[in-house]
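S.K.: Please read through the structure below; I'll follow up with questions.
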Amino acid sequence: MNLSFLIILPLITAIIILFVKGLKQVRTVALAGSLLQLALVFNLLFQYLKERTNNTAAMLFQYDYNWFDSLNIHYHVGVDGISVAMILLTSLVVVAGVLVSWAQETLSKEFFFLLIFLSLGAYGFFISLDLFTMFFFLEVAVIPKFLLIGIWGSGKKEYSAMKLALMLMGGSALIFVGLAGVYYYTFSNNQSFDLLTIAQANIPLLTQKIFFPFLFIGFGIFTALFPFHTWVPDGHSSAPTAASMFLAGISMKLGGYGCLRVATYLMPDAAHEYQWIILLLSTIGIIYGAFATMMQKDLKYINAYSSVSHTGFVLFGIGMLTRTSINGAVMQMVSHGLMTALFFAAIGMIYSRAHTRMVDQLGGMLKVMPFISTVFMIAGLTSLGLPGFSGFVAEMTVFMGSWQNADTMYRVATILACASIVVTAVYILRAAGKAIMGPITNEQYNQLTDARWNEKFAAALLIIAIVVIGIAPFWLNDLIGSGTNTIMNKVLMILK
Amino acid sequence: MLNDFLILMKQELVITVIIFILLFIKVGSKDWKNESLLKLINILLLLNVVFSFIGNQEGVLFNDMFKTNNLISFEKGILSLGVFIISLSSYSWLQNHKHVAEFYMLLLSTLLGMFLMISSGNLLLFYIGLEMSTIPLAAVVNFNLDKKQSSEAAFKLIISSAFSSGLLLFGISLMYGTTGTLFFSELPQTLTGTPIQLLAFILLFAGFAFKISVVPFHLWTADVYEGAPVAVTSYLSVISKGAVLFVFVSVLYGAFKPLAATWYNMLFILSVVTIIVGNLFAIRQNNLKRFLAFSSIAQVGFILIGISGSSQAGTASVIYFILIYVFSNLAAFAVISFISAVTGKETIDDYKALYTTNPFLSWVITIALFSLAGVPPTAGFFGKYFLLMAGTGIAGSKGLIIWIIIAALNLIISFYYYLRVVKAIFMDANETPIEKLSIPLLPKIAMIICVAGVVLTGLFSFIYEYIFSLSSGF
């Protein structure tokens, strides 16, 4: 299968959107494009599973085009299990995001154009095997976020948009320094950005020690590494619903994927060297995020801060450097992406009807909009790690893997991180109890309507994925296994 | 001999012919209407662009005084293209101006001067070209005839360029005194790095730094840019800066190669200071012309990084960046020039909520600003990062990694002020936004050319590869 279709299709969709008129046509095109993309991704999934049985290469469906010959920059794409899982996540969130924004009246053409364009960046990022191309797609995904939040957002949107853009740009700048370092200091001549080529060569230890922090922190900013997480709460809560879903569901995963695929995979020595810093920061992130969530009164802020806590598990799992914990980190990326997209969708649905997101102003939503409230509850229960949903599986795997790291301090960190789940339960149940259950606090709420077909469809799509992962995690585990194995084999070679 | 002369100096001759056509039109008895005159001039300039890019040959004339090769012809082509775009986009401004023919005569003489400067094989011809490109420029800076600010700007320009010319001449004479030659090709063999040669080199360097407004020689820039008509501002910031940069690169890699260790350190210090000062001042500007003036100072700081790189990659990245810079800066100036000519509004506050009334203009200036900020998929992304890469990997040894880190962090600051304008256009509320404007054909063509250039120059790698292959001569 030709992977380039994954970026050509969104590109075509985006261009068609520019030429059609009116909300109805625009959203139809966007939905058709994203559904086609979903079908394409499922096709990729099955083809990948089939191909993998008789092809042991690390990356399948590779295509290599010499883009900038003199700098040895290639458009080199290929997928392994991890990328396929991320691409699947992206396509699900995109479809759900388009459906949730079905009634986007103001500047609908620009809105959907930017949404699709953002997804293009994400797809390109996940399939790239050339570091420069990867960086290119990473930055492609930044600017749409700025515009989406700044134009269609709510609250202090300009501030949030600017903060997000600048912090992510800062991350990109660090990443670029890291990439340039890897490029020039790995090979003395015939320098290359090619991920597989660099992975085969062992980067000199000093180079690793200098440039690993740039790459890890750079990608870490994208995935809310403490203390660079401050853009997350503001950005997520100011963004329009679909943009929040994209931000938390897709965009933060770019960072986690980069931390794993680029920083850890290419520089395992340095990852081992700086392991304690990564674990320290991510543990702080997990606990700080959880406690900060308890103080929030705005539903979006609750989910945004809990995202800081949950993506902390991704970095935590990566930092532990065991086979199981990295598996768990990838599963947590997928799970968190689905869960948080669902959560933001539910919050968006409530907000568009009740016109408030404040927990203490809401109440009794279950009585007036049972479907949306159920969706909200499912997202909440996934978030607190109830068995049967994806959150439990992912976090469990991270903890299991972390415990395998026998160092005492790391075990203490694991216990601390584990304990944050209790806090999660507190804030989720408290928010749900106040907003969803209980008496109706405002008489106007009696007139509110329940979800429409598009919202139901979007929620169902995400819930199905969450439940499937929850009850049959071995599918996901099996899918990503080959990818994490490649990374771990390189890491374990160092540790021995 | 005559044949050689006709072929090798083709680009200069075409411009001279255009200047003479304008001269005859001006002194002729027939009274031309501005519209038809402008159309004729734009057609002539289009022909000039076409002639610039085709049928160029390599060779030298006048005992090595004048040299040309594919790279030089290509550089001249970029400048011709830039002048054509500026001419298209200043249509609305010149439409009602009394002295259209004079404007173009002066402008094209400066272009001719730049061509001679780029082609010069000798410090004297270089100096003549430089002066020829500066003095008429002061006259066109004064072309908003009823504005006091405009003549003030012209005065500032002429004073500061006279000063920098003085430095240059002093440097040239010292250089001649210590080496006994003024030919670029003979300088490397005679330069040994004695103190007096270094002094001469530093004076020359300062002269260059004035022209490309490197900090601390930048003080004239903002005032002149603000006072001059927008068309001239764009010419100053893109064409004349680009031309001097072209020469700067070739001179550093060619004539002053033996002093590389010296100029590497000078470039490092100047570039860091330039980037930081340019960025910090750009944040505070409200007038768009001043804003672009300071942002262009910061851009030059980035170009200096590319210059420090190994000769081929460094040259290629600088020329590539200037090509992109021509498109992106001129796209921004095309919008500013048009809006300024029609409404007289030039500040960021005036641009608030521009998107509600003029979506086309908003997108053009936004894409231009994204390219200047280095956001993909615009070409500015490639241009900027290729400069940084050229600076990281200088041949033989490695570049200063701290330089790259400082530059990369400054990208964030520059990002902030470019996004500030985007924010004003798209997100801020405004009770009296600029009314809906209908754009005449010629400025519209200019904007479309620029946007196409901004998008395509990056994604289609053959343009960079072509420049890279041309740069191998150094």
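No lab work stands behind these numbers, since they all come straight from the coordinates. No experiment lies behind these values; they were computed from the predicted model shown. All Cβ positions, even for glycine, are placed from backbone atoms using ideal geometry, and neighbour counts span all protein chains on display.
S.K.: Based on other C-beta atoms within 10 Å, arrange A:GLU273, A:GLU139 from fewest to most.
M.R.: Values: A:GLU273 15, A:GLU139 23.
Least crowded to most crowded, the residues run A:GLU273, A:GLU139.
S.K.: What whole-number distance in Å separates the alpha-carbon centres of the range B:68-125 and the range B:1-42?
M.R.: Here the two parts' Cα centres lie 12 Å apart.
S.K.: Then there's this: List the aspartates and glutamates whose Cα lies under 19 Å from the Cα of A:LYS21, skipping any in the same chain that are fewer than 8 positions away.
M.R.: Partners within reach: A:GLU105, A:GLU110.
S.K.: Please give the net charge around A:GLY438, taking every other residue with its beta carbon less than 15 angstrom from that of A:GLY438, where Lys and Arg add +1 and Asp and Glu add -1. Don't skip to the end; give the middle numbers.
M.R.: Details: positive: A:LYS367, A:ARG430, A:LYS434; negative: A:ASP360, A:GLU443.
Net of charged neighbours comes to +1.
S.K.: Sticking with this one: Under a point spin-label approximation (7 Å from Cα along Cα-to-Cβ), what is the B:ASN287-A:LEU429 distance to one decimal in nm?
M.R.: Label-label distance for B:ASN287 and A:LEU429, simple model: 6.5 nm.
S.K.: What average number of partner chain Cβ atoms lie no more than 10 Å from the Cβ of the residues making up A:129-135? Write down the numbers at each step before the final one.
M.R.: Numbers: counts 0, 0, 0, 3, 0, 0, 3.
For this peptide, the per-residue mean of nearby foreign Cβ atoms is 1.
S.K.: In whole Å and largest first, what semi-axes does the C-alpha gyration tensor of the range A:5-495 yield when each eigenvalue is scaled by 5 and square-rooted?
M.R.: Numbers: eigenvalues 238, 136, 79 Å².
Working through the eigenvalues yields semi-axes of 35, 26, 20 Å.
S.K.: Quick one: which residues, 5+ away or cross-chain, put their amide H under 5 Å from the amide H of A:HIS76? H built at 1.01 Å from N.
M.R.: A:TYR65, A:LEU129, A:ASP130
S.K.: Further question on the same structure: Just rank A:HIS336, B:HIS99, A:HIS272, fewest to most, by other beta-carbon atoms within 10 angstrom. Spell out each step's value before the answer.
M.R.: Numbers: A:HIS336 31, B:HIS99 14, A:HIS272 17.
Ascending Cβ contact count within 10 Å gives the list B:HIS99, A:HIS272, A:HIS336.
S.K.: Here's something else I'd like to know. Relative to a virtual label point 7 Å from the Cα of A:GLU51 in the Cα→beta-carbon direction, which members of the range A:2-31 show backbone nitrogen distances below 15 Å?
M.R.: A:2-7
S.K.: Also, quick follow-up: When only alpha-carbon atoms are used, what values of Rg and Dmax, in angstrom, describe the range A:103-225?
M.R.: Here Rg and the maximum Cα pair distance are 17.2, 56 Å.
S.K.: As I understand it, the value is the acute angle between the Cα axis of helix A:453-471 and the longest principal axis of the Cα atoms of chain A; what does it come to in degrees, rounded to 10?
M.R.: It works out to around 50 degrees.
S.K.: How far, in degrees from 0 to 90, does helix A:108-127 lean away from the longest principal axis of the Cα atoms of chain A, to the nearest 10?
M.R.: That works out to roughly 30 degrees.
S.K.: Taking 8 Å as the Cα distance limit and 6 or more residues as the minimum spacing, I'd like the relative contact order of the range B:2-473 as a percentage.
M.R.: 15 percent
S.K.: Whose amide H sits under 5 Å from the amide H of B:SER310, counting only residues 5 or more places off or on another chain, with H placed in the peptide plane?
M.R.: Residues meeting the criterion, in which the H sits 1.01 Å from N, are B:ILE394, B:ALA395.
S.K.: For A:165-172, what's the mean count of beta carbons from other chains sitting within 10 Å of each residue's beta carbon? Before the final figure, lay out each step's value.
M.R.: Working: counts 7, 5, 1, 2, 11, 5, 1, 6.
Per residue, the average neighbour count from other chains is 5.
S.K.: Where q = 0.06, 0.10 Å⁻¹, what log10 of I(q)/I(0) comes from the Debye formula for the protein assembly as shown, counting one point per Cα?
M.R.: Scattering profile of the protein assembly as shown, log10 relative to I(0): -0.46, -1.12.
S.K.: Taking chain A as the reference, fit the longest principal axis to its C-alpha atoms, fit the long axis of helix A:205-222 to the helix C-alpha atoms, and give the angle between the two in degrees, 0 to 90, nearest 10.
M.R.: Result, in degrees: 10.
S.K.: For the pair A:ILE415 and A:ILE8, how long in nm is the line joining their label points, each one 7 Å along Cα→Cβ?
M.R.: 5.7 nm
S.K.: Quick one: the Cα spread of the range A:1-113 along its three principal axes, in angstroms, biggest first?
M.R.: For the range A:1-113, the Cα spread along each principal axis is 49, 36, 16 Å.
S.K.: In the range A:401-496, if every C-alpha pair distance is counted and binned at 5 Å from zero, what percent goes to each bin?
M.R.: All Cα pairs considered, the percentages come to 2, 9, 8, 10, 16, 17, 11, 9, 7, 5, 4, 2, 1, 0.
S.K.: Roughly how crowded by other chains is peptide B:418-424, in terms of the mean Cβ count from those chains within 10 Å of each of its Cβ atoms?
M.R.: On the way: counts 0, 10, 2, 0, 7, 9, 1.
Shielding by partners across B:418-424 averages 4.
S.K.: How high is the FRET efficiency between A:PHE474 and B:PHE460 when r is their beta carbon distance and R₀ equals 56 Å, given to the nearest 0.05? Intermediate results must be reported in sequence, preceding the final value.
M.R.: Working: r = 46 Å, r/R0 = 0.82.
Taking R0 as 56 Å, the efficiency between A:PHE474 and B:PHE460 is 0.75.
S.K.: Counting pairs on different chains as well as pairs 8 or more places apart, how many Lys pairs in the range B:109-263 have Cα atoms under 21 Å apart?
M.R.: Values: B:LYS147/B:LYS156; B:LYS148/B:LYS156; B:LYS156/B:LYS211; B:LYS156/B:LYS241; B:LYS211/B:LYS241.
Number of lysine pairs found: 5.
S.K.: Give the Rg (one decimal place) followed by the Dmax (whole number) of the range B:183-250, computed from C-alpha coordinates and expressed in Å.
M.R.: Considering the range B:183-250 through its Cα atoms, Rg and Dmax are 15.2, 45 Å.
S.K.: Which order results if B:HIS97, A:HIS76 are arranged by neighbouring Cβ count within 10 Å, fewest first?
M.R.: Details: B:HIS97 17, A:HIS76 26.
Exposure proxy ranking, most exposed first: B:HIS97, A:HIS76.
S.K.: Here is a further query. Can you give the local net charge around A:LEU148? Use residues other than it whose beta-carbon is closer than 11 angstrom to its beta-carbon, Lys and Arg +1, Asp and Glu -1. If you can, show how the numbers build up before the last one.
M.R.: Working: positive: A:LYS145, A:LYS157; negative: A:GLU110.
Neighbour charge sum, excluding A:LEU148 itself: +1.
S.K.: On to the next question. Calculate the FRET efficiency for A:PHE19 and A:ASP450 from the Cβ-Cβ distance with a Förster distance of 30 Å, rounded to the nearest 0.05. Can you show the working numbers first?
M.R.: Working: r = 35 Å, r/R0 = 1.18.
Plugging the Cβ-Cβ distance into 1/(1 + (r/R0)^6) gives 0.25.
S.K.: Okay, next question. The range B:2-473: Rg/Rh from Cα coordinates, Kirkwood Rh? It would help to have the intermediate numbers written out before the result.
M.R.: Working: Rg = 21.2 Å, Rh = 22.3 Å.
Here the Rg-to-Rh quotient is 0.95.
S.K.: Right, something else. Which lysines, if any, have their Cα less than 18 Å from the Cα of B:LYS10, not counting same-chain residues under 8 positions apart?
M.R.: B:LYS67, B:LYS76
S.K.: How far, in nm, would the chain grow between B:LYS30 and B:LEU280 when pulled straight, counting 0.36 nm per residue and subtracting the alpha carbon separation?
M.R.: Using 0.36 nm per residue and subtracting the Cα-Cα distance, I get 84.8 nm.
S.K.: Can you return the aspartates and glutamates within cross-link range of A:LYS209? Criterion is Cα-Cα under 18 Å, with same-chain partners fewer than 8 residues away left out.
M.R.: Candidates past the 8-residue exclusion: A:ASP269, A:GLU273.
S.K.: Add +1 for every Lys or Arg and -1 for every Asp or Glu among the other residues with Cβ under 13 Å from the Cβ of A:ALA173, and state the total.
M.R.: On the way: positive: B:LYS384; negative: A:GLU139.
Result for the neighbourhood of A:ALA173: 0.
S.K.: What does the convex hull of the Cα atoms come to per residue for the range B:393-474, in Å³?
M.R.: Values: hull volume 13.2 nm³, N = 82.
Convex hull of Cα atoms, per residue: 161 Å³.
S.K.: For chain A, what does the relative contact order come out to in percent, with C-alpha contacts under 8 Å and a separation of six or more?
M.R.: Details: 893 pairs, mean separation 77.0, N = 496.
So the answer I get is 16 percent.
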